[in-house]
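**Student:** Take a look at this one; I'll ask things after.
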Amino acid sequence: MLSNEHALSERLRATGLKVTPGRVAVMKLLGGTAAALSHAEVVEALGGLADRASVFRNLNDLVRVGLLARHDAGDRIWRFRSTEEAAEHRAHPHFLCDDCGTLRCLPDVEVVVRSLDSAPKAVREARVDIRLSGRCDGCASAIPGQAAAPHGHTHRSERPL
């Protein structure tokens, strides 16, 4: 991961984006964590370094030039991570519990697409997120009418929705 501000500045320059303290701070933050963070979490983590609108513009600019990736865990909230982390993380499917909203990594599960001829280009090039959904074991065994607590292997971005 790049955490060196000079290296981050060089990456920004290479994309044609102007190097600003806000962009460098966003890249440094997201390059230093394996968790994908929402816009609100980035604003909070930066502790007032930039206003909400500037952070939003920076996040979208960094996605547009390919330095950040964004995804939706099913709750309609975009979460952002460095493209280096995103590429590593996309190598496996995820399971989203319909009841408690926990999103779990399934690194040992393989999903095979049998026919790629009619699939969109993103599928043929494996540039998609694979998400399986249903009821997790904890919710399936919960007492009827009572919500199950989040459980299992989770990351910061993999919490109840």
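Each reported figure results from applying straightforward, stated rules to the coordinates on display, with no laboratory input. Just so it is clear, the model here is predicted, and its values are computed rather than measured. Please note: Cβ atoms are built from the backbone with ideal geometry, for glycine as well, and neighbour counts cover all protein chains shown.
**Student:** May I ask for the distance between the Cα centers of the range 108-136 and the range 8-37, given as a whole number of Å?
**Tutor:** Distance between centres, Cα-based: 30 Å.
**Student:** Report the FRET efficiency, 1/(1 + (r/R0)^6), for THR83 and SER133, where r is their Cβ-Cβ distance and R0 is 30 Å, rounded to 0.05.
**Tutor:** Once the sixth-power term is evaluated, E becomes 0.75.
**Student:** Also: Starting from the amide H of ASP99, placed 1.01 Å from N in the peptide plane, find each other amide H under 5 Å away whose residue is 5 or more places distant or on another chain.
**Tutor:** Close amide H contacts, sequence-distant or interchain: CYS136.
**Student:** So for the range 11-63, what percent of the C-alpha to C-alpha distances run longer than 16 Å?
**Tutor:** 31 percent
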